[in-house]
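The values are calculated or read from the model by the stated rules, or taken from the named source; none is laboratory data. Predicted model, so just to flag it, every value in this text is computed and none were measured. Here Cβ is always computed from backbone atoms with ideal geometry, including for glycine, and neighbour counts include all displayed protein chains.
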Amino acid sequence: MNESLPSNASPFERTNLPEIRPVTMADLKGALADGIADLRRAPRYSLAVGAFYAFGGLLILYVVNVLGYGFLGFPIMAGFALVGPFAAIELYQVSRLLERGEPLSWQAIARATPKGVMLECAYLGILLIFFLAIWLKSGAVVYAMFFGLRMIALPELMQALFTTPAGYGFLILGHIIGAGFALLVFSLSVVSFPLMVDRGTDFITALITSIRAVKSNPRVMLPWGAFIALLLLFGFLTFFLGLIVVLPILGHASWHLYRRIVV
């Protein structure tokens, strides 16, 4: 079912776009409950994806610290969340297979994502990585603003962040910039990846649909984005270990919220 558009609409506006359904906080709670249920029904696959994501974050932090760029630790943890929707593709497939009552296996999950779909998802994934690179560069600029060009060892930096005016300024400005990036990426990806996985939609259509979903339901989508940020913060505070459970919950819940929003 497509939205009715005036006959004099531009070719771009006449593009067949999925219809957006208004949702409520009850839909959000239902999607979260369904996401938790999917985790319980398929813990082997869900937790494996979460563990892989968490290990990737730890590995990146370790490499950055060894190379002497420990000051990028906070931007990396915040920016790593930007690629979370791409990492959750397999979780969307798990929820999709459970929804259809089909048997689960790694082979079934792999077969459920055709090469064409993965290519479209990869395009959007590259875009998210581009935003991540900009975010990391922004983190380096903010660091230089408050601490200069001198590299500070990670233990010294941690102490400075919470005991000096420069540290407070770094945290405040960094969080403001990070929130802007997070809102942008959330708007671009909250519906786009599930839509591509479900219907094989091209990534441009998926991006437009995701933005429209957020724009049409700000009272539900913005709290959902804030809730995602809180859960990810918990995951980061546990040195990524909490993400083993957090990512599956968010991934499965995002699938069910997509199913409620997109007709």
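Things to note:
- Tally, over region 151-205, of residues that are in contact with a helix residue (DSSP H, G or I) (Cβ under 7 Å, 6 or more places away or on another chain), under 22 Å from V220 (Cα atoms) and among the small types (G, A, S): 5
- Checked against (1) small (G, A, S); (2) closer than 17 Å to V191 by Cα; (3) at pLDDT below 85, A122 meets all criteria but (3).
- Top-ranked residue in region 241-255 [being surrounded by fewer than 24 Cβ atoms within 10 Å (Cβ to Cβ) and under 15 Å from the mean Cα position of the chain (by Cα); ranked as farthest from A33 (Cα to Cα)]: I244
- Within region 139-160, tally of residues that are closer than 17 Å to N65 by Cα, part of a helix (DSSP H, G or I) and touching a residue at least 60 places away in the same chain (Cβ under 8 Å): 5
- Complete set of residues in region 210-239 that are buried (at least 16 other Cβ atoms within 10 Å of the Cβ) and more than 15 Å from the chain's Cα centre (by Cα): R212, A213, N217, V220
- For L154, the conditions (1) more than 30 Å from V262 (Cα to Cα); (2) of a type outside the set (D, E); (3) modelled with pLDDT of 85 or more; (4) surrounded by fewer than 19 Cβ atoms within 10 Å (Cβ to Cβ) all hold with the exception of (3).
- Residues that are modelled with pLDDT of 80 or more, farther than 23 Å from R100 by Cβ and surrounded by fewer than 15 Cβ atoms within 10 Å (Cβ to Cβ) within region 8-26 comprise P22, T24, M25, A26, listed in sequence order.
- Matching residues, region 14-43, being in contact with a strand residue (DSSP E or B) (Cβ under 8 Å, 6 or more places away or on another chain) and of a type in the set (D, E): E19
- Residue among F193, F186, F203, F170 that alone is of a type in the set (F, W, Y), surrounded by 14 or more Cβ atoms within 10 Å (Cβ to Cβ), touching a residue at least 12 places away in the same chain (Cβ under 8 Å) and in contact with a Gly (Cβ under 7 Å, 6 or more places away or on another chain): F186
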